[in-house]
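Enquirer: Below you will find the structure I want to go over with you.
Nothing in this text is a laboratory measurement; each read-out follows from the coordinates by a stated rule. Remember, it's a predicted structure, so these values are computed and weren't measured experimentally. Cβ sites come from the backbone with ideal geometry, for glycine too, and all protein chains shown count toward neighbours.
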Amino acid sequence: MRILVVEDEPRIAKDISDGLTAAGYVAEVARDGEDAWFRGETENYDAIVLDLGLPRLDGLSVLKRLRAAAVTTPVLILTARDGWREKVEGIDAGADDYLTKPFRIEELLARLRAITRRAAGHASSLVSVGPLEIDTRAQSVSVDGKAVALSALEYRLLSYLVLHRGRAVSQTELLDHIHSGDSDRDTNAVEALVARLRRKLGAPVIETRRGYGYCIAADGP
Ligand code: CA
């Protein structure tokens, strides 16, 4: 999962992005509202963590512009302790949830899990497709009830396909969501990763869409 963190305070931005990375997310940081608006509109994120007090363009305006441009990415806003008015305005402007500063990274992670799950249309952290079951909270995977040990990268790829099951996902889209912007962007690497994943799962859940990418059928293999 790829998350855009919009925060102008470098220490907070780093804490959030470190916490997200440690939890297996790909985190990108935008430091002002203009950059956040541009990236939120042109790139595809799984969620946006949006501070409201930002230079160049405030967070509420960023949110309103994104929603006006029909960007439906789940947004978690960060508000000041006594900012009840900005919470109300934020939710009215299309925020999915809010978190009051200061907060624990664990709470941010829990809220992100909830809004990304809701966005994908699942109410629980357990998702099963045929013999495959993944727990997005524990980040664990099992096939026919037997646990399968996956690397962080393999898990990211699999969970992305599972959350978007029933839809073919291109190799480029997968690359965007499993790597940070600066890492290796070789589609051969995706093929190798999928091959390894298929071997580990041992069940034919991941279908190839030739010349395009991969798909997990909504009702399993
Ligand atoms: Ca700020």
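Enquirer: Using the Kirkwood formula on the Cα atoms of the stretch 51-163, what hydrodynamic radius do you get, in angstrom to one decimal?
Expert: It is 15.9 Å.
Enquirer: Choose one of Y98, H164, W84: the residue whose Cα lies farthest towards the positive end of the charge dipole of the chain (beta-carbon charges +1 Lys, Arg; -1 Asp, Glu; about the Cα centre).
Expert: It is H164.
Enquirer: Let me ask something else about it. Give me the distance in nm between label points sitting 7 Å out from Cα along the Cα-to-Cβ direction at D58 and R198, one decimal.
Expert: Spacing of the two 7 Å Cα→Cβ label points: 5.3 nm.
Enquirer: Let me check against my output: what whole-number percent is the relative contact order of the stretch 126-216, with C-alpha pairs under 8 Å and at least 6 apart?
Expert: About 28 percent, as a whole number.
Enquirer: I would also like to ask the following. Evaluate the relative contact order of the chain (contact order divided by residue number), counting alpha-carbon pairs under 8 angstrom at least 6 apart; express in whole percent.
Expert: 16
Enquirer: Measure out, as a whole number of angstrom, how far apart the alpha-carbon centroids of the stretch 146-221 and the stretch 35-71 sit.
Expert: Taking the Cα centre of the stretch 35-71 as reference, the centre of the stretch 146-221 is 28 Å away.
Enquirer: If we count other beta carbons within 10 Å of each Cβ, what is the order of I77, I115, fewest first?
Expert: I115, I77
Enquirer: Any idea what the dipole of the stretch 2-119 comes to, in debye rounded to 20, about its Cα centre with Lys/Arg Cβ at +1 and Asp/Glu Cβ at -1?
Expert: Magnitude of the dipole: close to 280 debye.
Enquirer: On to the next question. Show me, for the stretch 150-156, the HN-Hα J-couplings you get by feeding each phi into the Karplus relation (A = 6.51, B = -1.76, C = 1.60, θ = phi - 60°), rounded to Hz, glycine and proline as x.
Expert: Once rounded to whole Hz, the list reads 10, 6, 4, 5, 4, 5, 4.
Enquirer: Now, a different point. When Lys and Arg each count +1 and Asp and Glu each count -1, what net charge do the other residues less than 10 Å away from T116, Cβ to Cβ, add up to?
Expert: Taking every other residue near T116 into account, the sum is +2.
Enquirer: Compute a Gaussian network model of the chain, connecting alpha carbons closer than 10 Å, and tell me which residue from D32, D58, D144 fluctuates the most.
Expert: Of D32, D58, D144, the most mobile in the Gaussian network model is D144.
Enquirer: Related question: Could you work out the percent of alpha carbon pairs in the stretch 70-121 separated by over 17 Å, rounded to a whole number?
Expert: 37
Enquirer: Using 0.36 nm per residue of separation minus the Cα-Cα distance, give me the extension gain between A168 and R85 in nm, one decimal.
Expert: Gain on extension, A168 to R85, equals 25.7 nm.
Enquirer: Note the full-extension length gain between D18 and L126 as 0.36 nm times their separation in residues minus their Cα-Cα distance, in nm to one decimal.
Expert: Fully extending the segment from D18 to L126 adds 36.4 nm.
Enquirer: Could you please report the charge total around L54, scoring K, R as +1 and D, E as -1 over all other residues with beta-carbon less than 14 angstrom from its beta-carbon?
Expert: The answer is -3.
Enquirer: Going 7 Å from the Cα of R67 in the Cα-to-Cβ direction, what parts of the stretch 99-114 have a backbone nitrogen less than 17 Å from that spot?
Expert: 99
Enquirer: Of L112, A27, S61, which is farthest along the charge dipole of the chain in the positive direction, counting Lys and Arg as +1 and Asp and Glu as -1 at C-beta?
Expert: Working it through, the farthest residue towards the positive pole turns out to be L112.
Enquirer: So what's the back-of-envelope 222 nm ellipticity for the chain, counting only DSSP H runs of four-plus at -39500 (n - 2.57) apiece and dividing by all residues, rounded to 500?
Expert: Estimated from H runs of four or more residues: -13000 deg cm²/dmol.
Enquirer: P(r) for the stretch 2-119, please, calculated from all Cα pair distances in 10 Å bins and given in %.
Expert: Calculated P(r), rounded to whole percents: 15, 54, 30, 1.
Enquirer: Turning to a different aspect of this structure: Mind telling me which of E154, E191, E43 comes out most flexible in a GNM of the chain, alpha-carbon contacts under 10 Å?
Expert: E43
Enquirer: Taking neighbour Cβ counts within 10 Å as the exposure measure, how do L4, L126, L108 sort from fewest upward?
Expert: Taking fewest neighbouring Cβ atoms as first place, the list is L126, L108, L4.
Enquirer: Can you quote the Å³ per residue value for the convex hull of the Cα atoms in the stretch 106-202, rounded to an integer?
Expert: Spread over its residues, the Cα hull of the stretch 106-202 gives 112 Å³ apiece.
Enquirer: Sticking with this one: About the Cα centre of the chain, how large is the charge dipole given +1 on each Lys and Arg Cβ and -1 on each Asp and Glu Cβ? Please answer in debye to the nearest 20.
Expert: Rounded to the nearest 20 debye, it is 660 debye.
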